[in-house]
Amino acid sequence: MVRRIAVVLIGIVLSGTPVWAQSPTSKPAAASDGAATKFVGEWEGAFQTDHGHGGAMSMRITKDSAWKATADVLAGSETIPNTISNVSVDGNTIVWTQELMGMTCKASAVLDGAELKGTTDCGHASMTIALRKK
């Protein structure tokens, strides 16, 4: 009998976590954020405007506790100053507010296959974008 108790105790010690310290239920692993996988990263391509020449555009999308984005908008050799805020994602659509050349613009884009296609509406002016993930 003493030998049987010793064998059980050795088995418990060698198994790692003591039986009395184990959680009665385990929690499932958190589901991965599919939207983050789809949108997070560096995108590059072009923009076209309804009031002039287009140019090159690159966009960086990140997600920590909140969605964030930055963009480089180039018309020829000039960088157009801009800031992006209020980024959100719903399914295959990303929306944001973009301050662009002193105007507040509403922007959205849809993930269409491997391409992010969208528009930025500044009221009296707008532009379309077509970007591909690097």
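The values are calculated or read from the model by the stated rules, or taken from the named source; none is laboratory data. It should be emphasised that the depicted structure is a prediction, and the values quoted were computed from it without experimental measurement. When we count neighbours, we look across all protein chains shown, and the Cβ atoms used for this are built from the backbone with ideal geometry, even at glycine.
Could you go through segment 77-85 and let me know if any residue there is charged (D, E, K, R) and in contact (Cβ under 8 Å) with a residue 12 or more places away in the chain. No, because not a single residue in segment 77-85 is charged (D, E, K, R) and in contact (Cβ under 8 Å) with a residue 12 or more places away in the chain.
Taking the criterion of being in a strand (DSSP E or B) and surrounded by fewer than 14 Cβ atoms within 10 Å (Cβ to Cβ), the only residue of segment 122-134 that qualifies is Arg132. Residues in segment 59-90 that are within 21 Å of Glu115 (Cβ to Cβ) and out of contact with any strand residue (DSSP E or B) (no Cβ under 9 Å at 6 or more places or on another chain): 1 in all. Scan segment 65-73 and give yes if some residue there is farther than 20 Å from Lys133 by Cα, modelled with pLDDT of 80 or more, of a type in the set (Asp, Glu) and surrounded by 13 or more Cβ atoms within 10 Å (Cβ to Cβ), otherwise no. No; the residues of segment 65-73 include none that is farther than 20 Å from Lys133 by Cα, modelled with pLDDT of 80 or more, of a type in the set (Asp, Glu) and surrounded by 13 or more Cβ atoms within 10 Å (Cβ to Cβ).
Working only within segment 77-101, note down all residues that are among the charged types (D, E, K, R) and loosely packed, with under 13 Cβ neighbours inside 10 Å. Hits for segment 77-101 are Glu78, Asp90. Output the number of the condition that Val40 fails; it satisfies all remaining conditions of (1) more than 17 Å from Thr128 (Cα to Cα); (2) touching a Lys or Arg at 6+ places or on another chain (Cβ under 8 Å); (3) exposed (fewer than 15 other Cβ atoms within 10 Å of the Cβ); (4) free of Cβ contacts under 8 Å to residues at least 24 places away in the same chain. Here Val40 meets the rest and fails (3).
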